[in-house]
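Peer 1: Dropping a structure here in C-alpha cells format, bear with me for questions.
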Amino acid sequence: MQQAAAPKISFVSLGCPKALVDSERIITRLRAEGYELARQHDGADLVIVNTCGFLDSAKQESLAAIGEAMASNGKVIVTGCMGAEPEQIEQAYPGVLSITGPQQYESVLDAVHRAKPALHNPHLDLVPEQGIRLTPRHYAYLKISEGCNNRCSFCIIPKLRGDLVSRPAAEVLREAEKLVAAGVKELLVISQDTSAYGVDLKYAESTWKDRSVRAKFIDLARELGELGAWVRLHYVYPYPHVDEVIGLMAEGKVLPYLDIPFQHASPDVLKLMKRPAAQDKTLDRIKRWRAECPELALRSTFIVGFPGETERDFEFLLDWLDEAEIDRLGAFKYEPVAGAPSNAIEGQVSDEVKQDRWNRLMSRQQAISARRLKRKVGTRQQVIIDEIGPTVAKGRSKADAPEIDGSVYLTSRRPLRVGEIVTAKIDRADAYDLHGTVAGF
Ligand code: SF4
C-alpha cells in the first residue's frame, strides 16, 4: 500500500532571536507530529509566518511576508508579535486562516491541525532529542525567560508579551545540556532582560544533578559555564549584581562578552526613555569590569533622535562613547511605535537631524572599533569557525556574537570544519573585522 505523503509546511521566521526560538519550538512540535518543512511556499500545504511587530518598519516587513505567502500559496497562518494586534493583518489580508500572538504555540498548532491534519501515524522519532533548531549546528539560542517587568517608554514588548516569566533553572540547564550533547559549541543566552532572570520566581531553587540551583542570573551563568561550551550573555542590564558575573568571565567560565543595550548615555534622555538601571556611575563600572577582566568585550545598541534629545544630549553620548570604548555597537534612528508612550513626548526630532546624528555616531564608533581591534594585532585568539570559503574561513572570536558583530577571516594549512574552535594569530585588523592565520587546533 502506498503511504500518504506527509503534509508540508513552509515557515517564515522574522524578528529577533526570541522570535526565532518561538519558531524553533513550533517547528519541533510540527516535526514531532509528522509534518515536513517545505523549502518554498509554492507546493506547500500551508505557510506559517512568525511576525515581528517591534517597529513600524518590522511590521511592514511582516505584512509584505504575509502578502507574498498569500500570493504564492493562499493558506497562511500568522503568529508572533504582530499577531498580538491582529486588526492590521485582518484588514490587509482578510483570507488569512488564523492570527495569534507570540508564544501561543498551542493555538498555532490547533490552526495547523484544522487546516491540514497530521498523518494518522506520525513517526515520533523523526525529531532529535534536542529539538529542531534554525541556527547552524554549532551555536544555539537559549531563552531563559519571556516578557519584561520594565516599562521603557519606546517599547511595547511588555504589552505584547506580558511581565517577566522565567523558566526554572533546572529546565534551562537540561535544555542547554541536550544542546551541548548534540554538538552545540556556543550557547547564546537570551531574554528581554537577562539580568532580571528569576525575579518573578523569587529565585526559587530547582534540582539539577546532585544539587539545588537558584533561578538567579549569577547561579545560572555559573552552571552553564560548567557544560563545556562557550556561553554568551545577551540583553544584560547593568544592575549592581552584574558585577559578580565579571569574575566568571575572568575565570574563563563564561565568555568575556556583555551585550548591554544602553540605548543612550545622557541622563535626561535615559529618564525620558524610562530605562532600567540607568545611572551615572556606568563609566566607572565599565572601568572596574575591564580592570578585573581585560578581555571583556562590550556590545550595545543606541537610539538616536529620541524625542527630546538635544544636540547637547547627543554630544554627551559621543563623548561617553569615547570614554566607554564600546567594542561593538548597533545604532537605530528613533521610530515611533504605535502604542508607545514616547510618541507623546515633546520635542520630536526631524528625520534630517536623526540621519545626521546616526552618521556621526557611526563614524565615531568606527574609529573606536578600529582602535580596539588594532590592539589585537599580534595576539592569539580562539576562533569558532562559521563558514568555509575557497581560500579563507570565516569565524568569530570570543568578542563576536553571530549575525550582529564582526568576523575573523582565517587562512589555514589544514582544512577547517564548521563549528571547530581553533587558535589564531591575528595579523591585521580593519574597522570591524580581524584577519589572521590558524596557529593551533
Ligand atoms: S527592557 Fe525596556 S526595551 Fe527591553 S523589553 Fe523591557 S520594556 Fe522593552
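Since every read-out is calculated from the coordinates, none of them should be taken as a lab result. Bear in mind that the values here come from a model prediction, so they are computed numbers and not experimental data. Cβ placement follows ideal geometry from the backbone for every residue including glycine, while neighbour counts extend to all protein chains displayed.
Peer 1: Only bridges whose two residues both fall in the chain count here: according to DSSP, what percent of them are antiparallel, nearest 5?
Peer 2: Around 40 percent of the beta bridges assigned by DSSP in the chain are antiparallel ones.
Peer 1: While we're here: In whole Hz, with x marking every Gly and Pro, tabulate ³J(HN,Hα) for segment 293-309 from phi via Karplus 6.51 cos²θ - 1.76 cosθ + 1.60, θ = phi - 60°.
Peer 2: Here the 3J(HN,Hα) series is 9, x, 6, 3, 9, 10, 10, 8, 10, 9, 10, 10, x, 5, x, x, 6 Hz.
Peer 1: Name the residues whose placed amide hydrogens come within less than 5 Å of the amide hydrogen of A297, ignoring near sequence neighbours (fewer than 5 apart) on the same chain.
Peer 2: Y257, L258
Peer 1: Please give every one of the lysines within straight-line cross-link reach of K271, meaning a C-alpha to C-alpha distance under 25 Å, and leave out same-chain neighbours fewer than 8 residues apart.
Peer 2: Leaving aside lysines fewer than 8 places away in the same chain, those within reach of K271 are K159, K281, K287, K333, K354.
Peer 1: Neighbour counts of other C-beta atoms within 10 Å: give me S98, S212 arranged from fewest to most.
Peer 2: Least to most surrounded, the residues fall as S212, S98.
Peer 1: When the Karplus curve 6.51 cos²θ - 1.76 cosθ + 1.60 is applied with θ = phi - 60°, which whole-Hz ³J(HN,Hα) does each residue of segment 334-349 get, with x for Gly and Pro?
Peer 2: Along segment 334-349, the couplings run 4, 10, x, 10, 4, x, 8, x, 5, 4, 8, 6, 6, x, 4, 9 Hz.
Peer 1: Moving on. How big is D, in µm² s⁻¹, for segment 8-126 by Stokes-Einstein at 25 °C and 0.890 mPa s if Rh is the Kirkwood radius over C-alpha pairs?
Peer 2: It comes out at roughly 175 µm²/s.
Peer 1: Moving on to the next point. Could you give me the ³J(HN,Hα) list for segment 239-247, computed from phi with Karplus coefficients 6.51, -1.76, 1.60 and θ = phi - 60°, whole Hz, x at Gly and Pro?
Peer 2: In residue order, the calculated couplings are 5, x, 5, 5, 3, 5, 6, 4, x Hz.
Peer 1: Could I ask something else about it? Based only on Cα atoms, what mean projected area does the convex hull of the chain have, in nm²? Can you show the working numbers first?
Peer 2: Working: hull surface 94.1 nm².
Over every viewing direction, the Cα hull of the chain projects on average to 23.5 nm².
Peer 1: In terms of modelled amide H atoms, which long-range or inter-chain residues lie less than 5 Å from the amide H of I132?
Peer 2: Here the answer is T28, since their amide H atoms fall under 5 Å of that of I132.
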